[in-house]
Amino acid sequence: MRRFLTEHLGVFDPNDTRILVSAFDKAWEAVQASGVIFDKAKADSARAILAKHIIAVAKDGERDHGRLRDGALVALAQSNL
């Protein structure tokens, strides 16, 4: 997540960054808890989908941790990864 945030320096303050990273971590934990198994390349792709979704909606003003996490999980499900 932090790697993707470096592409958006100055957009998010430290508190926003903590919210986004936490939402990403919780989304990834949910993916892992689901039992799905990805090879490294697909895991990297899945993590990128989660991160990019969270950043995109946060740029539109969303800061609710649950909505960020849940939206990212929906984006991943819709990606057909």
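What angle do you read, to the nearest 10 degrees and between 0 and 90, between the alpha-carbon axis of helix 14-33 and the longest principal axis of the chain?
10
With all protein chains present, calculate the accessible area of residue 5 using a 1.4 Å probe and round the result to the nearest 10 Å².
In the full protein context, residue 5 sits at about 20 Å².
Can you give the calculated 222 nm mean residue ellipticity of the chain, where each DSSP H run of n ≥ 4 adds -39,500 (n - 2.57) and the sum is split over every residue, rounded to the nearest 500 deg cm²/dmol?
Calculated at 222 nm, the ellipticity per residue is -23500 deg cm²/dmol.
Where a Cα-Cα gap under 22 Å defines reach, which lysines qualify for residue 42, not counting those fewer than 8 residues away within the same chain?
Partners within reach: 26, 52.
Please report the relative contact order for the chain, taking Cα pairs under 8 Å with a sequence separation of at least 6, and give it as a percent rounded to a whole number.
Relative contact order comes out at 41 percent.
Angle between the Cα long axis of helix 65-78 and the longest principal axis of the chain, 0 to 90 degrees, nearest 10?
40
If you count only protein heavy atoms with a 1.4 Å probe, what accessible area per residue comes out for the range 36-81, rounded to a whole Å²?
I get 60 Å² per residue for this part.
Could you please state how large a percent of the accessible area of the chain is carbon and sulfur, counting protein chains only and using a 1.4 Å probe?
The computed percentage sits at 52.
What is the Cα radius of gyration of the chain over 2.2 N^0.38 Å, N being its residue count?
For the chain, the normalised Cα radius of gyration comes out at 1.03.
Can you send over the solvent-accessible area of residue 81, 1.4 Å probe, protein chains only, in Å² to the nearest 10?
About 70 Å², rounded to the nearest 10.
Angle, helix 40-59 long axis vs. longest principal axis of the chain, Cα atoms, 0 to 90°, nearest 10?
30
The values are calculated or read from the model by the stated rules, or taken from the named source; none is laboratory data. Fair warning: this is a prediction, and the values are worked out from it, not measured in the lab. Just so you know, the surface numbers come from the protein's heavy atoms only, side chains and all, with ligands and any DNA or RNA stripped out. Shrake-Rupley method; radii C 1.70, N 1.55, O 1.52, S 1.80 Å.
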